[in-house]
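One structure is given here, and the rest of the page talks about it.
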Amino acid sequence: MVPNGPLTDDGLVQLLTPAGHRTAHPDYDPRVAHLDADALRGLYRDMVLVRRFDNESTSLQRQGELALYAQCLGQEAAQVGSGRALLPQDQVFPSYREHGVAYTRGVDLAEVLRLFRGIDHGGWDPTAYGFHLYTLVIGSHTLHATGYAMGLQRDGAVGTGDPARDSAVVTYFGDGSTSQGDVNEALVFAAVNNAPVVFFCQNNQWAISEPTSRQSRVPLADRGPGFGIPSVRVDGNDVLATYAVTAEALERARSGGGPTFIEAFTYRMGAHTTSDDPSKYRSAAEEEYWRQRDPIDRLRLHLEDRGELPQDFLDGLAAEGDALGERIRTAVRGMGRPSAASMFEHVYATPHAVVESERQWFEAYEASFLDAGQSREGSHR
């Protein structure tokens, strides 16, 4: 940890210490005052189930059922805390690791895996959940989010004073994305248009094998003020602090106060994706350091200290996790295999002459193999 460097923990908003002790914060305590024991257990349940999904999905990829998988292991508090701060009318533009946010928006997690199995480009309706499809092009979705937020302004859905109408947008991206031009362009547009968008950077400290220290000399949140956007750094392994900071930023956006840049300082406990081997570029000591700061353990210790984590709740949660795991395994194995020609579907919102001609050529090409196999023995199919 270098003082004032990109990995410093100075200035982080924190409401729960790694040991689970509640700390006071004059600005953010009121944001979580309404969260009673039931609500805290609900946040704990969310994180436990998201991790179970994450572990099951990793296992499915290792078994050959998924082509690839991007873990969110260790980032559950950042995702669940911020996701639970959203209102139904808010909109989310994720990257490709926001499984916890998807869960809080009601997306069936089995549908998330259609992308990683190669069935389609995303298996849910964005308008039904206010959660848009995963974006694999690094940082490009921050521009989509900013444009959508500007649209909300023009639709009169910001700053009306009607809590059922006023809306905001949040876009999630990693520390590596801040090096992309798209993210910086989105910050410019959001600032000058006072767009109701929250830029939620999950700084998990590694852009694949490139550390944050190779991307910035200062904390990533310091970039916000350069664009005229208020910024805040939060302990991303603290679900309460993440909830409080995001709730404040969303309230500002909905009321017409403009954008906010949130840096959730967390750690990617797993690999970048299942094709990555993090042992090649980081130490076991570093991983152990962050394992001791596990976001789920932090809330568990807090609830245990309060005597608010009864055994019957834990037993029921374990059974719920087992049922989720079984459902995910069954759903993935039952997804089947799409036809190769389906790649030409839904490329554009309306029919497109070039895509249609390519589809016809491909179908004729495929049929030629069948013809060859019927005409002579020993077809290459």
Suppose the filter is under 27 Å from residue 201 (Cβ atoms), in contact with a helix residue (DSSP H, G or I) (Cβ under 8 Å, 6 or more places away or on another chain) and either without any contact (Cβ under 8 Å) to a residue 60 or more places away in the chain or not aliphatic (A, V, I, L, M) (or both); does residue 286 pass it? no
Kindly provide the set of residues from the range 301-335 that are of a type outside the set (D, E, K, R), free of Cβ contacts under 8 Å to residues at least 24 places away in the same chain and open to solvent by less than 90 Å² (accessible area, probe 1.4 Å), ordered by number. 307, 310, 314, 316, 318, 319, 323, 330, 334
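If only one of 182, 125, 155, 108 is at pLDDT below 95 and not aliphatic (A, V, I, L, M), which one is it?
Details: 182 fails: at pLDDT below 95; 155 fails: at pLDDT below 95; 108 fails: at pLDDT below 95.
Exactly one residue qualifies, and that residue is 125.
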Consider only pairs whose beta carbons are under 6 Å apart and that are at least six residues apart or on different chains; among these, list those whose first residue lies in the range 236-247 and is assigned to a loop (DSSP other than H, G, I, E, B) and whose second residue is of a type in the set (Val, Ile, Thr). 236/266; 237/266
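Being more than 26 Å from residue 80 (Cβ to Cβ), surrounded by fewer than 19 Cβ atoms within 10 Å (Cβ to Cβ), among the charged types (D, E, K, R) and in contact with a helix residue (DSSP H, G or I) (Cβ under 9 Å, 6 or more places away or on another chain) narrows it down to one residue among 182, 162; which is it? Explain how you work it out, then say what you get.
On the way: 162 fails: in contact with a helix residue (DSSP H, G or I) (Cβ under 9 Å, 6 or more places away or on another chain).
Every option except 182 fails the conditions.
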Unique residue being in contact with a Pro (Cβ under 9 Å, 6 or more places away or on another chain), under 25 Å from residue 57 (Cα atoms), small (Gly, Ala, Ser) and open to solvent by 10 Å² or more (accessible area, probe 1.4 Å) when the list is 279, 209: 209
The correct count of residues that are under 18 Å from residue 298 (Cβ atoms), among the small types (Gly, Ala, Ser) and free of Cβ contacts under 8 Å to residues at least 60 places away in the same chain in the range 1-40 is 2
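The values are calculated or read from the model by the stated rules, or taken from the named source; none is laboratory data. Worth saying up front: this structure is predicted, and the values here are computed from it rather than measured. Note: ideal-geometry Cβ built from the backbone for every residue, glycine included; neighbour counts use all protein chains shown. The accessibility values were calculated without ligands, DNA or RNA, using every heavy atom of the protein model including side chains. Shrake-Rupley method; radii C 1.70, N 1.55, O 1.52, S 1.80 Å.
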